[in-house]
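In what follows, a structure is listed as structure tokens, so that the remarks can point back to it.
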Amino acid sequence: MQTLKKIEGTVVHITFQSEDTGFTVLELETETEYITVVGEMAGIGEGQQLVAFGEYTNHPSFGVQFKAQKVEISLPSDANAIFTYLSSGAVKGIGMVFAKRIVEKFGEDTFDVLDNHPEKLAQVQGISLSKAKAIQQEFKKIHGVQDAVIQLAHYGIAAKEAIALYTRLGPNTLEIVTDNPFVLCEEPCFFEFERADEIAQKMSMEYDNSCRIVGGIMFVLRHNTLKGHSCVPKQKLIETVAAFISVEPEKVEYNLDSLFEQGLLVEENLYEKPFVFLAELYIAERVITQKLAELMSNETEVKEDIKQLIGYVEQINNIRYADKQKEAIDKVYTSPVSIITGGPGTGKTTLVKAIITMFEAEGLKISLCAPTGRAAKRLSDLSGKEAKTIHRLLEVVPGSKDNLRFQRNQDNPLPCQVLIIDEFSMVDIVLFSQLISAVKSNCRIVLVGDSNQLPAVGPGNILKDLIESGIVPCVMLTEIFRQSQQSQIVVNAHNINQGIAPVSAGRESDFFFIDADGERAEDLLVQFVTDRLPRAYGYDSYDDIQVLCPSRKKRGGTANINVVLQKSLNPPASNKKEISFNGIVFRECDKVMQIKNNYDLEYVKDDGTGDIGVFNGDIGVIERIDVFNRLMYIRFEDRLYTYTQEEFAQLEHSYAVTVHKSQGCEFKAVILCISDTAKELQYRNLLYTAITRAKELLIIIGRPYILQQMTQNHRKQLRYSGIKFFLEELNG
């Protein structure tokens, strides 16, 4: 076990400090020297006494630093040090002038006044009673955060986790966590249950304590939402929790009843079997089904003869529609809510254009949206009309990231009369409930998607549920049009849906399979991305070629493949700055992906205008890194964002991305690596989703038996949901 070194002294300068994570760079004056100290030291200010435990490291740009793993902080005690601390701006509301006046008035009693007698501050020139109380609140907040960081560190809780907890729970953070450590499994930390349980054991909590059992119930339910379930059979939940936390089933059931009474959970019989919902998911499904039933009860106003209308649309768009497409246009025109589903090459995009032309001819206001930024851009490019992400359409309230709110809602609905939602298979129940709540009662909704693709990452499987309910009119497009029949990508995608293994069709084909695994698979990936495809097809290694993997894990997963491709495409260089975060090296010119929605991050466009928001799945390039201030400047197409360290966790390298992350995107060339895909990921709709991301060229590298297994395995992940039942219930 490594022995940590100890240093102590006075903080003389704060070079950098993140309010969100507590990461700090400071200069420490010891008895013999000045030392640069880096680490998580929330709220520390100049003039404070610091004892740090850690080790010396040699930074390539800044030389020797002391990397603190554990710190002890104390307030300065003499008047000069107190003045240094307050004048540094550590406490908001106190600058150089007020620091001097306060310390001259109260001397070594200053901190006691700030903490316990704020009314005395009003005796200082320029400080009103209200300002004095505001200063006290800020002082208590700073030292409340510090206390939380120091005390929670005893239980292995990192500073950034403690800060996040304090931000949500406030001054009583320590009491709340010590009373019930299982709050750590909730936002914002989302600890694994086992970690919270270890902390509970350190606090000598009994195995059958209600906090522990309730924590186990809520953890299992939330874990199931990550698998796409919006509810769980009650008996299965009781048995799972009892086994998971080693407690008697009757005690689980007793605490479950308590959660029903509190309104945190809801019990509902689906097909004569009791299910348990998290309250927010139950409400979301009820909102969806009730609004759909309301919309479906409307009689649409049919102004034109449908045959004449289709003829007009054909004339405007210079196209002859197939019978199935005409049926879809008819359904959309005569139904308040309708579904269009089909695979690649079956004419979904052509139909969207037809629908837009048809409703524009009637003077109706149309809105187009998709769940991700890339899907929305693709819809815009294909339709020739503006499309927005669902979040942008609903107008996210800035600064509401911890409790997401939209300006468009039931009280302030969307102004459109027709709403077209593309890539609908990706939409989860929570987002759709918010979207459908913001729709006027006379608005028509057109849902477009591919029911054979992977379902949403979040809970629910709405497209499948709506189709199976039979209540919403649905047209399934199956005919592959002539131009698409020439593509082996399209042909093989449809064959896979029928359980027929894909095949290559010679050197002129757009579909290739190469038998390889391990080191050979890695070498081939590098060759194709860096040399062979750019040389043969003129593809850009960054913009045109995308490597996809079923998962992050193993040698054929994105974690390893990204390291391999970064080394080949963007190796270390003296003219490229880099920065390390959580064991990942980000380098100038790296290809990266945003992995969660951030509605508050500002950007500047090339034309000088700006706005806020970057979305899950957006792919960009690191243009510049400011190592000293730990900033990264990242370009997503024509938008340039400035990332501070607290946003680094929202980024991953994207030389390779998972199939799930690629949904809603299209790339000129896709290389799919299935060299060592885990058995639980060897299923058909994952393979199908990956293949349909390629527009011009697809290369699969892997083992034939894995490709065969994925083609044959039609097992779709079971997702418990009440949508279908509630719709059938409302429709008698």
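Percent of accessible area on region 399-511 owned by carbon and sulfur, 1.4 Å probe?
Values: 2090 of 4840 Å².
So the carbon and sulfur contribution to the accessible surface is 43 percent.
Taking the Cα centroid of region 397-468 and of region 312-377, what is the distance between the two, rounded to the nearest whole Å?
Taking the Cα centre of region 312-377 as reference, the centre of region 397-468 is 18 Å away.
Taking all protein chains as present, what is the carbon and sulfur share of the accessible area of region 1-94, in % to the nearest whole number, probe 1.4 Å?
Numbers: 2300 of 4800 Å².
Carbon with sulfur: 48 percent of the solvent-accessible area.
How would you order 518-526, 311-319 from highest to lowest mean count of nearby Cβ atoms within 10 Å? Spell out each step's value before the answer.
Working: 518-526: 16.6, 311-319: 13.6.
Highest to lowest by the protection proxy: 518-526, 311-319.
From the phi of every residue in region 178-187, what ³J(HN,Hα) in whole Hz does the Karplus formula 6.51 cos²θ - 1.76 cosθ + 1.60 yield, where θ is phi - 60° and glycine or proline is x?
Going residue by residue, I get 6, 6, 8, x, 7, 5, 5, 7, 9, 4 Hz, with x marking Gly and Pro.
For A122 and S574, compute 0.36 nm times the residue count separating them, minus their Cα-Cα distance, and round to one decimal in nm.
On the way: separation 452, 0.36 × 452 = 162.72 nm, distance 5.63 nm.
Here the answer is 157.1 nm.
Given the DSSP H assignment, sum -39500 (n - 2.57) over each helix run of at least 4 residues in the chain and divide by its residue total; what's the result at 222 nm in deg cm²/dmol, nearest 500? Provide the component values of the computation, followed by the final result.
Values: 27 runs with 282 residues, N = 732.
Calculated from helices alone, the mean residue ellipticity at 222 nm is -11500 deg cm²/dmol.
Calculate the dipole size of region 49-142 relative to its Cα centre from +1 charges on Lys and Arg beta carbons and -1 charges on Asp and Glu beta carbons; express the result in debye to the nearest 20. Please list the in-between numbers first.
On the way: 11 positive and 10 negative charges, 82 e Å.
Dipole of region 49-142, to the nearest 20 debye: 400 debye.
Quickly work out the D531-to-Y633 label distance, labels modelled 7 Å from Cα along the C-beta direction, and quote it in nm with one decimal.
In this crude spin-label approximation the distance works out to 3.4 nm.
Let me spell out the model: positive unit charges on the Cβ of Lys and Arg, negative unit charges on the Cβ of Asp and Glu, origin at the Cα centre of the chain. What dipole size does that give, in debye rounded to 20?
Working: 78 positive and 98 negative charges, 389 e Å.
Magnitude of the dipole: close to 1860 debye.
FRET efficiency for I595 and D115, Cβ-Cβ distance as r, R0 = 45 Å, nearest 0.05?
Numbers: r = 41 Å, r/R0 = 0.92.
Here the calculated transfer efficiency is 0.60.
Give the residue list of trypsin sites (Lys or Arg not before Pro) in region 315-354 that are DSSP loop and have at most 13 other beta-carbon atoms within 10 angstrom.
Here the sparse-neighbourhood loop sites are R320.
Where in region 213-306 are there trypsin sites (Lys or Arg not before Pro) that are in a DSSP coil and have at most 12 other Cβ atoms within 10 angstrom of their Cβ? Intermediate results must be reported in sequence, preceding the final value.
Values: sites: R222, K227, K234, K236, K251, R286, K291, K303; in loops: K227, K303.
Here the trypsin sites (Lys or Arg not before Pro) that fit, given the DSSP loop and packing criteria, are K227, K303.
Explain nothing, just compute: Karplus ³J(HN,Hα) = 6.51 cos²θ - 1.76 cosθ + 1.60, θ = phi - 60°, for every residue of region 377-391 in order, whole Hz, x for Gly and Pro.
Rounded to whole hertz, the list is 5, 4, 4, 4, 4, 7, 8, x, 10, 5, 10, 10, 5, 4, 5.
Within region 144-268, what whole-number % of the accessible surface is contributed by carbon and sulfur, with the 1.4 Å probe and all protein chains included in the calculation? Mind dumping the intermediate values first?
On the way: 2920 of 5910 Å².
After summing per-atom areas, the C and S share lands at 49 percent.
Starting at the first residue of region 216-228, write each ³J(HN,Hα) from the Karplus equation 6.51 cos²θ - 1.76 cosθ + 1.60 with θ = phi - 60°, in whole Hz, x for Gly and Pro.
Here the 3J(HN,Hα) series is x, 4, 5, 5, 5, 5, 5, 4, 6, 5, 5, 8, x Hz.
List the relative contact order of region 598-732 as a percent without decimals, with contacts defined as Cα pairs under 8 Å and 6+ residues apart.
On the way: 168 pairs, mean separation 22.3, N = 135.
Dividing the mean separation by the residue count of region 598-732 yields 17 percent.
To test your reading of the geometry: what angle, between 0 and 90 degrees and rounded to tens, separates the Cα axis of helix 279-296 from the longest principal axis of the chain?
Tilt relative to the chain: about 30 degrees.
Once amide H atoms are placed 1.01 Å from N in the peptide plane, what residues at a sequence separation of 5 or more from S654, or on another chain, have their amide H within under 5 Å of its amide H?
Amide H neighbours of S654, under 5 Å, 5+ apart: K591, V592, M593.
Out of residues 5 or more away from K388 or on other chains, whose amide H comes under 5 Å of its own, with H placed 1.01 Å from N in the peptide plane?
Distant-sequence amide H within range of K388: L368, C369, A370.
Report the one residue of Q645, C673, V627 whose Cα lies farthest in the direction of the positive end of the charge dipole of region 606-690 (charges on C-beta: Lys and Arg +1, Asp and Glu -1; origin at the Cα centre).
Selected residue: C673.
Calculate, in nm to one decimal, what Q201 and E327 gain on full extension: separation in residues at 0.36 nm each, minus their alpha carbon distance.
Values: separation 126, 0.36 × 126 = 45.36 nm, distance 6.36 nm.
Stretched fully, the Q201-E327 segment lengthens by 39.0 nm.
Heavy-atom accessible area of D517 with all protein chains present, probe 1.4 Å, nearest 10 Å²?
Rounded to the nearest 10, that gives 70 Å².
Order E55, E588, E192, most accessible first, counting only protein heavy atoms with a 1.4 angstrom probe. Can you show the working numbers first?
On the way: E55 55, E588 20, E192 110 Å².
These residues rank, largest area first, as E192, E55, E588.
Over the chain, what relative contact order in percent results from Cα pairs under 8 Å that are six or more residues apart?
Numbers: 1353 pairs, mean separation 71.6, N = 732.
So the answer I get is 10 percent.
Please determine, in degrees from 0 to 90 and to the nearest 10, the orientation of helix 306-317 with respect to the longest principal axis defined by the Cα atoms of the chain, where the helix direction is its Cα long axis.
Helix 306-317 sits at roughly 70 degrees to that axis.
Along the charge dipole of region 30-119, Cβ charges K/R +1 and D/E -1, which of N116, T36, P76 sits furthest on the positive end?
About the Cα centre, the residue reaching furthest to the positive side is T36.
Using a 10 Å cut-off on Cβ atoms, rank the peptides 412-423, 272-283, 501-512 from the highest mean neighbour count down.
Those peptides, ordered most packed to least, come out 412-423, 272-283, 501-512.
Positive end of the dipole of region 382-433, charges at C-beta (+1 Lys, Arg; -1 Asp, Glu), about the Cα centre: which of S383, N412, S425 has its Cα farthest in that direction?
Most positive-ward Cα: N412.
With a/c under 1.5 counting as rounded, go ahead and sort region 173-248 into rounded, prolate or oblate using the C-alpha gyration tensor (a ≥ b ≥ c being the square roots of the eigenvalues; past the cut-off, prolate if a/b is larger than b/c, else oblate). Working shown, then result.
On the way: a/c = 2.48, a/b = 1.41, b/c = 1.76.
Oblate, because a/c is 1.5 or more while a/b does not exceed b/c.
So which trypsin sites (Lys or Arg not before Pro) in region 47-106 pass both tests, a DSSP loop state and at most 14 other Cβ atoms within 10 Å of the Cβ?
Hits after loop and neighbour filter: K92.
Net charge within 14 Å of R101 by Cβ-Cβ distance, Lys/Arg positive one each and Asp/Glu negative one each, not counting R101 itself? If you can, show how the numbers build up before the last one.
Details: positive: K100, K105, K120, K131; negative: E104.
So the environment of R101 carries a net charge of +3.
If I fit a long axis through the Cα atoms of helix 488-497 and take the longest principal axis of the Cα atoms of the chain, what angle between them do I get, 0 to 90°, rounded to 10?
Tilt relative to the chain: about 90 degrees.
Note down the magnitude of the dipole of region 108-173 about its Cα centre, charges +1 on Lys and Arg C-beta and -1 on Asp and Glu C-beta and zero elsewhere, to the nearest 20 debye. Mind dumping the intermediate values first?
Values: 7 positive and 8 negative charges, 70 e Å.
Dipole size: approximately 340 debye.
Computed over the Cα atoms of region 1-131, what is the ratio Rg over Rh, Rh following Kirkwood? Provide the component values of the computation, followed by the final result.
Numbers: Rg = 16.5 Å, Rh = 15.8 Å.
My calculation of the ratio gives 1.04.
In whole percent, what relative contact order does region 66-118 give with Cα contacts below 8 Å and a gap of six or more residues? Walk me through the numbers on the way to the answer.
Working: 33 pairs, mean separation 14.6, N = 53.
Reported as a whole number, the value is 28 percent.
The values are calculated or read from the model by the stated rules, or taken from the named source; none is laboratory data. Since the model is a prediction, treat every value here as computed from it, not as a measurement. In this analysis, Cβ positions are derived from the backbone assuming ideal geometry, glycine residues included, and neighbour counts consider all displayed protein chains. These accessible areas exclude ligands, DNA and RNA; they are computed on the full protein's heavy atoms, side chains included. Shrake-Rupley method; radii C 1.70, N 1.55, O 1.52, S 1.80 Å.
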